[in-house]
Amino acid sequence: MTIDTSTTAGKIAVMQAFERGEKCETRLSSGPTEWKNLIYPSWDWAEYDYRIKPREPMEFYANIYQNPIDGQLMVAGTLHNSLEGAARGKYPCKDTVTIKVREVIE
């Protein structure tokens with residue numbers, strides 16, 4: 001979700017998010033500068049842009065296989081945070097493959 005900080009309501013929403021402890025970012029308004037973590041805000045809206053830091057998409061690995069009875073894809077065991085973990089948890093089935101899943105954030 002993007003907040004329109006050109007409005008007073010948008011500015012208030014970002015400041016309230018910071019007060020709630022949400023991670024926020026800042027950058028110079030002029031020029032293509034990178035977003036930086038906001039630690040001590042000055043709330044100088046004329047010189048700086050502010051935003052709530054976008055959430056990183058969730059990623060995990062899964063070992064899957066095709067069910068021979070109905071052809072559906074099945075997860076073999078549990079989900080893993082790393083490729084190495086997935087390799088250790090792989091079922092001894094010749095048709096099991098490891099896939100990486102990444103959440104789509106719109």
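None of the figures in this text is laboratory data; all of them are computed from the coordinates on show. Treat the numbers as computed from the prediction; the structure is a model and nothing was measured. Here Cβ is always computed from backbone atoms with ideal geometry, including for glycine, and neighbour counts include all displayed protein chains.
For the condition under 30 Å from Ile99 (Cα atoms), loosely packed, with under 12 Cβ neighbours inside 10 Å and out of contact with any Asp or Glu (no Cβ under 9 Å at 6 or more places or on another chain), Glu84 qualifies.
Mind checking which residues of the stretch 37-70 are surrounded by 11 or more Cβ atoms within 10 Å (Cβ to Cβ), not in a loop (DSSP other than H, G, I, E, B) and not small (Gly, Ala, Ser)? Across the stretch 37-70, the qualifying residues are Tyr48, Asp49, Tyr50, Arg51, Ile52, Glu59, Phe60, Tyr61, Asn63, Ile64, Tyr65, Gln66. Among residues of the stretch 7-18 that are closer than 10 Å to Leu38 by Cβ, those with a beta-carbon under 7 Å from a residue that is of a type in the set (Phe, Trp, Tyr) and not in a helix (DSSP H, G or I) at least six positions away or on a different chain give the pairs Val14/Tyr50.
Please work out if Pro32 is assigned to a loop (DSSP other than H, G, I, E, B) and touching a Lys or Arg at 6+ places or on another chain (Cβ under 6 Å). Show your work before the answer.
Values: assigned to a loop (DSSP other than H, G, I, E, B): yes; touching a Lys or Arg at 6+ places or on another chain (Cβ under 6 Å): no.
Against the criterion (assigned to a loop (DSSP other than H, G, I, E, B) and touching a Lys or Arg at 6+ places or on another chain (Cβ under 6 Å)), Pro32 does not qualify.
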